[in-house]
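Peer 1: Next up is a structure, given as structure tokens.
The values are calculated or read from the model by the stated rules, or taken from the named source; none is laboratory data. It should be emphasised that the depicted structure is a prediction, and the values quoted were computed from it without experimental measurement. Reconstructed Cβ throughout: ideal geometry from the backbone, glycine too, with neighbour counts over all protein chains shown. Please note that ligands, DNA and RNA were not included when accessible areas were found on the heavy atoms of the full protein model with its side chains. Shrake-Rupley method; radii C 1.70, N 1.55, O 1.52, S 1.80 Å.
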Amino acid sequence: NSGVVCLLRPLLLDVVPSIRQTSALALGRLADYDVELAETIVKAGILPQLIRSLPEENRYYKKTATFVLRAIAKHSPQLAQAIVQCRALEMLVICLEDFDPGVREGASWAFGYIARHSPELSQAVVDAGAIPLLVLCIQEPEIALKRIAASTLSDISKHSPELAQTVVDAGAIAHLAQMIPNPDAKLKRQVLSALSQIAKHSVELAELVVEAEIFPVVLTCLKDSDEYVKKNGATLIREIAKHTPELSQFIVNSGGVAAVIDCIGSSRGTVRLPGIMTLGYVAAHSENLSMVVIVSKGIPALCACLIEEHEDHIKAAAAWALGQIGRHTTEHARHVAVANVLPTLLDIFVDTRSSEDLKTKATLKNILQKCTYLPALEPLLHEAPPSIMKHIIGQFSKVLPHDSKARRLFVTTGGLRKVQEIKAEPGSLLQEYINTINSCYPEEIVR
């Protein structure tokens, strides 16, 4: 408000280096504070002045200048675009080649803040020639520089398969994979994130990540004391598992399913989410892979998530994963039903506080269409809403005509009586199911 920005501007051209550097630092801190101040600095035409003499400046000024660019770029795509338009990327590339690791770190950071906003801005970073230099940065001995460069490669790769491919073509995967066992937790987080962002786009990219021999070493990350390392490790496994049965089978062969289940059991909150999704993706691919999840005791772990977690999106993921396990055959559905998960899913479905997404995932439909294990279905008869009742009655109409013991139990537990109370539309599918059940019994018992 006092017009300080305009007073600082001429000081960027002062003959005394320490004055140039200190005024740049002041501008950086102002820009870092909030978006309006960053916009004021851009409108004041300071960016061209800031970068005009960058190649000749000392390392302290370069570090400060990269801080200013990063502080402006972080706020919005529009501000990041303003940096691109004043040709700052060329100057940042020069900083990436600097002898001083702190200058390279500052430039990597600025590129990351620009690239994270959009595919177009990421492409501008690629076109400036930053990627080969960032790949060199992750090979440097300085941990801080490795972290920031890996983070920036992650920000570039996340937008599209084409951008991820440019990172791969620069040879990044092999160097990232070698750093997974590094003891530095913050570096591991960024490395795992970058590999996830590459693997998520396509089967081909996921296969390239797997070929870099990340298994079984990535499974040790699931036991890490750092929650973000755990989460990012599980996310990487999820992004590989989702693509094909073959990639899921590779994870299974590496002991990945058991490791993911352990990780879910030892975590709470959003750290569980990628592990839950991984089990769902693995189980969805085939009957055999679904059975691996069952045998590895995946169902109790997912049930625990349904009961223990309060966030709807985590419960929804667990409900979805259970549906993927139970949808293949009657045997798969029976395993889910025996774990007594159906009443929990039903409670979630009828709870008015559940989000629409959660209700969609907890419909039980996938499991009910295959479930012929009547002892688990019978309690649901007494509380299920009409939309679910149709599927439950449908399963009884399939089993009862062929199973005399089940028919007897159905009467003594009050199931048949409950069926008589259901009001179905004449000629509807539900009415057909009820007629089928009633025809299994003498008329006086039905009455």
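To keep it simple, each residue is scored yes or no on (1) assigned to a helix (DSSP H, G or I); (2) touching a Ser or Thr at 6+ places or on another chain (Cβ under 9 Å); (3) among the aliphatic types (A, V, I, L, M); (4) open to solvent by less than 60 Å² (accessible area, probe 1.4 Å).
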{"position": "Leu380", "(1), (2), (3), (4)": "yes, no, yes, yes"}
{"position": "Ser397", "(1), (2), (3), (4)": "yes, yes, no, yes"}
{"position": "Leu400", "(1), (2), (3), (4)": "yes, yes, yes, yes"}
{"position": "Lys405", "(1), (2), (3), (4)": "yes, no, no, no"}
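Peer 1: What are the pairs with Cβ atoms under 7 angstrom where one residue, in segment 395-414, is assigned by the TED database to the domain that holds Leu381 and within 11 Å of Leu374 (Cβ to Cβ) and the other, located anywhere, is at pLDDT below 85 and in a loop (DSSP other than H, G, I, E, B)? Sequence gap at least six, or different chains.
Peer 2: Filtered contacts from segment 395-414: Gln395/Cys371; Gln395/Thr372; Lys398/Thr372; Val399/Thr372.
Peer 1: Additional query: Show the residue pairs meeting these rules: Cβ distance below 6 Å; 6+ apart or different chains; first residue within segment 86-98 and farther than 18 Å from Ile41 by Cα; second residue in a helix (DSSP H, G or I) and among the β-branched types (Val, Ile, Thr).
Peer 2: The qualifying pairs are Met91/Ile51; Cys95/Thr66; Cys95/Val103.
Peer 1: Additional query: So which residues in segment 407-427 are surrounded by 10 or more Cβ atoms within 10 Å (Cβ to Cβ) and not in a helix (DSSP H, G or I)?
Peer 2: Step one: filter segment 407-427 for residues surrounded by 10 or more Cβ atoms within 10 Å (Cβ to Cβ), giving 407-411, 413-420, 422, 424.
Correct list: Thr413, Gly414, Ile422, Ala424.
Peer 1: Report the residue count in segment 250-296 for those that are out of contact with any helix residue (DSSP H, G or I) (no Cβ under 6 Å at 6 or more places or on another chain) and not in a helix (DSSP H, G or I).
Peer 2: 5
Peer 1: Considering only segment 73-99, how many residues are more than 28 Å from the chain's Cα centre (by Cα) and either part of a helix (DSSP H, G or I) or at pLDDT 95 or above (or both)? Please lay out each step first, then the result.
Peer 2: Pass one, segment 73-99, residues more than 28 Å from the chain's Cα centre (by Cα): 82-99.
Okay, now just the ones that are also either part of a helix (DSSP H, G or I) or at pLDDT 95 or above (or both), so 82-85, 88-96.
Residues in segment 73-99 being more than 28 Å from the chain's Cα centre (by Cα) and either part of a helix (DSSP H, G or I) or at pLDDT 95 or above (or both): 13 in total.
Peer 1: Out of segment 410-442, which residues are in contact with an Asp or Glu (Cβ under 8 Å, 6 or more places away or on another chain) and not β-branched (Val, Ile, Thr)?
Peer 2: Restricting attention to segment 410-442, the residues satisfying the condition of being in contact with an Asp or Glu (Cβ under 8 Å, 6 or more places away or on another chain) are 410, 413, 415, 431.
Passing the criteria: Phe410, Gly415, Gln431.
Peer 1: Within segment 192-210, is even one residue of a type in the set (A, V, I, L, M) and open to solvent by 30 Å² or more (accessible area, probe 1.4 Å)? Break it down into steps so the answer makes sense when it comes.
Peer 2: As a first pass, look at segment 192-210 and keep what is of a type in the set (A, V, I, L, M): 192, 194-195, 198-199, 203, 205-206, 208-210.
Remaining after also requiring open to solvent by 30 Å² or more (accessible area, probe 1.4 Å): 203, 208.
Yes, because at least one residue in segment 192-210 is of a type in the set (A, V, I, L, M) and open to solvent by 30 Å² or more (accessible area, probe 1.4 Å).
Peer 1: Do we find that Arg268 is surrounded by fewer than 19 Cβ atoms within 10 Å (Cβ to Cβ), under 17 Å from Lys315 (Cα atoms) and charged (D, E, K, R) in this structure?
Peer 2: On the way: surrounded by fewer than 19 Cβ atoms within 10 Å (Cβ to Cβ): yes; under 17 Å from Lys315 (Cα atoms): yes; charged (D, E, K, R): yes.
Criteria met by Arg268.
Peer 1: (1) open to solvent by less than 30 Å² (accessible area, probe 1.4 Å); (2) within 23 Å of Leu121 (Cβ to Cβ); (3) assigned to a loop (DSSP other than H, G, I, E, B): which one isn't true of Ile180, the others all being true?
Peer 2: (2)
Peer 1: Hey, another quick one. Which one is nearest to Ile240 (Cα to Cα) among residues in segment 203-228 that are in contact (Cβ under 8 Å) with a residue 40 or more places away in the chain, assigned to a helix (DSSP H, G or I) and of a type in the set (D, E, K, R)?
Peer 2: In this case the residue turns out to be Glu207.
Peer 1: Considering each residue of segment 18-53, count those that are under 37 Å from the mean Cα position of the chain (by Cα) and assigned to a helix (DSSP H, G or I), and give that number. Spell out how you get there, then give the answer.
Peer 2: Initially, segment 18-53 is screened for residues under 37 Å from the mean Cα position of the chain (by Cα), giving 25, 27-42, 47.
Adding the requirement that they be assigned to a helix (DSSP H, G or I) leaves 25, 27-33, 35-42, 47.
Total satisfying the criteria: 17.
Peer 1: If you check Ile367, Ile393, Ile422, Ile388, which single one turns out to be of a type outside the set (Phe, Trp, Tyr), within 36 Å of the chain's Cα centre (by Cα) and either over 19 Å from Ala317 (Cα atoms) or at pLDDT 85 or above (or both)?
Peer 2: Details: Ile367 fails: either over 19 Å from Ala317 (Cα atoms) or at pLDDT 85 or above (or both); Ile393 fails: within 36 Å of the chain's Cα centre (by Cα); Ile422 fails: within 36 Å of the chain's Cα centre (by Cα).
Step by step, each of Ile367, Ile393, Ile422, Ile388 is checked, and only Ile388 is of a type outside the set (Phe, Trp, Tyr), within 36 Å of the chain's Cα centre (by Cα) and either over 19 Å from Ala317 (Cα atoms) or at pLDDT 85 or above (or both).
Peer 1: With respect to Ala115, determine if the residue is under 24 Å from the mean Cα position of the chain (by Cα) and of a type in the set (A, V, I, L, M, F, W, C).
Peer 2: Numbers: under 24 Å from the mean Cα position of the chain (by Cα): yes; of a type in the set (A, V, I, L, M, F, W, C): yes.
Judged against the criteria, Ala115 is a match.
Conditions tested, residue by residue: (1) under 25 Å from Asn1 (Cα atoms); (2) open to solvent by 30 Å² or more (accessible area, probe 1.4 Å); (3) in contact with a strand residue (DSSP E or B) (Cβ under 7 Å, 6 or more places away or on another chain).
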{"site": "Glu36", "(1), (2), (3)": "yes, yes, no"}
{"site": "Thr40", "(1), (2), (3)": "yes, yes, no"}
{"site": "Lys43", "(1), (2), (3)": "yes, yes, no"}
{"site": "Gln49", "(1), (2), (3)": "yes, no, no"}
{"site": "Leu54", "(1), (2), (3)": "no, no, no"}
{"site": "Ala71", "(1), (2), (3)": "yes, no, no"}
{"site": "Lys74", "(1), (2), (3)": "yes, yes, no"}
